[in-house]
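Colleague: Before I ask anything, let me first share the structure, which is written out below as structure tokens.
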Amino acid sequence: MKCRVCRGPAVIDIRRHNAGFCAEHFLHHCREQVRRGIKEHDMLRPGERVLVAVSGGKDSLALWDLLVALGYDADGLYLGLGIGEYSDHSGDAARSYAGERGRKLHEVDLAADYGYDIPGAAAATHRAPCGACGLSKRHLFNRVAIERGYDVVATGHNLDDEAAVLLGNVMRWEAGYLGRQHPVLPATLGFARKVKPLIRLGEREMAAYCVLEGIDYIVEECPMAAGNRHLGYKEVLNALEERSPGTKAAFVFGFLDRAQPHFAGAALEERETLGECAVCGSPTTGEVCAFCRLRERASDA
Amino acid sequence: MKVLLRNPRRELDLRGPLTVAALLERLELNPESVLVICGDTLVTHDARLADADTVEIRPVMSGGAS
């Protein structure tokens, strides 16, 4: 296979683009897709301070790398989840990347700073670990961004992630979630803007980006995510994509163009009912926010 | 050829030559869900792998639902 651009030997084929790329032109392709996604959805403006949610995996490290390559002022935030060796290795990957490239990495440790970890929270609340993990991440990335003066939180959600979340939300007709599923969530009182600049790139492309840029990321999957519903949706979507390349992109971008606006009202209705958490002051629909309730139950256990 | 697989980590010995596409088919892996690295070079699905090659098949699917 040859590179679509220079006709030299290709190192990666991307079936949904019906194209192969050499290393140089693949890296250019990734930067262009991110630049285009940011522009199309007005995600970032010049001079803004960006906080990248860094897990030590391929997506978040590639995102950080791409944003800096495109000239954005981007720092990282790593959240220590306390998931044994997996967290040790992912933290090492995040610190090594930041150290080698001279970039600023903030760190928050759930156990040291908030008195619980994800395995403990899952056991204490009888919730799936991914639920406690996602809740902790959303709350703390937002809180750190606001407290430390960042304009926007950028997450490494890619096209595959968005397609899998969309499939899950459609399967259950989660109107509120569908209304919020967008590459940009604007800032509101108590919430920093959230953006997903990798929306136009698949996870295979992000892994290839890291390999070609020499970014050492944690390849092992989180042991607590094994067999979860999200990964099941990804397998189903990949089976469809293999038969019909471009299915995932058509699903996500068709939703954003033609369906998401119909659900935006449901998300706005939810937002209008938000008050302040009696414990931490974060926006919440109840008296105490879900994060503070989780923290209380998990740290008491 | 030596084939390294991950999650769980294991190694296989297979006879070459084989194309990457044929290797993935033999292992019943969806090409959308992996990268194939021969030595230290990424390779496309039409690349031919020789008997003496060392090949890593790296999964790319990740994530909780956060």
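No value in this document is a laboratory result; all are computed from the given coordinates. Since we're looking at a predicted model, the values are computed, not measured. Cβ placement follows ideal geometry from the backbone for every residue including glycine, while neighbour counts extend to all protein chains displayed.
Colleague: Calculate the length of the line joining the C-alpha centroid of the range B:32-66 to that of the range A:26-80, in whole Å.
Modeller: Result: 25 Å between the Cα centres.
Colleague: Give the shape of the range A:203-301 as rounded, prolate or oblate, defined through the alpha-carbon gyration tensor: a ≥ b ≥ c are the square roots of its eigenvalues, a/c under 1.5 means rounded, and otherwise the shape is prolate if a/b is larger than b/c and oblate if not.
Modeller: In terms of gyration-tensor shape, oblate.
Colleague: While we're looking at this one, here's another question. Given the pairs A:Lys2/B:Lys2; A:Lys58/A:Lys248; A:Lys137/A:Lys234; A:Lys2/A:Lys39, which are separated by over 28 angstrom at their Cα positions?
Modeller: Listed pairs above 28 Å: A:Lys2/A:Lys39.
Colleague: Still on this structure, please answer the following. Go through A:Ile218, A:Phe253, A:Leu135 and say which Cα lies farthest out towards the positive end of the charge dipole of the protein assembly as shown; charges sit on Cβ, +1 for Lys and Arg, -1 for Asp and Glu.
Modeller: The residue sitting most towards the positive pole is A:Phe253.
Colleague: Turning to a different aspect of this structure: Mean Kyte-Doolittle hydropathy of -0.5 or higher plus an axial Cα length of 24 Å or more: which whole DSSP H helices in chain A meet both?
Modeller: Answer set is A:129-147.
Colleague: If you don't mind, there's one more thing I want to ask. When DSSP beta bridges are limited to those with both residues in the range A:35-262, what percentage is antiparallel, rounded to the nearest 5?
Modeller: Bridges in the range A:35-262 that DSSP calls antiparallel: roughly 15 percent.
Colleague: What distance in nm lies between label points placed 7 Å from Cα along the C-beta direction at A:Arg49 and A:Ala226?
Modeller: Result for the modelled spin labels: 4.1 nm.
Colleague: In the range A:151-259, what chymotrypsin sites (Phe, Trp or Tyr not before Pro) fall in a loop by DSSP, with at most 15 other Cβ atoms inside 10 Å?
Modeller: A:Trp173
Colleague: If you don't mind, there's one more thing I want to ask. Is the shape of chain B best called rounded, prolate or oblate, per the rule: a/c under 1.5 gives rounded, else a/b larger than b/c gives prolate, else oblate, with a ≥ b ≥ c the square roots of the Cα gyration tensor eigenvalues?
Modeller: Because a/c hits 1.5 or more and a/b exceeds b/c, chain B counts as prolate.
Colleague: If one computes the Cα centroid of the range A:200-225 and of the range A:255-295, what distance in Å separates the two points?
Modeller: If we compute the Cα centre of each part, the gap is 31 Å.
Colleague: Still on this model: As an exercise, identify the GluC sites (Glu not before Pro) in the range A:137-239 lying in DSSP coil whose Cβ has no more than 15 other Cβ atoms within 10 Å.
Modeller: Of the GluC sites (Glu not before Pro), not one in the loops of the range A:137-239 has a Cβ with at most 15 other Cβ atoms within 10 Å.
Colleague: Divide by every residue of chain A the summed helix terms, -39500 (n - 2.57) for each DSSP H run of at least 4, and state the resulting mean residue ellipticity at 222 nm, rounded to the nearest 500 deg cm²/dmol.
Modeller: It lands at -16000 deg cm²/dmol.
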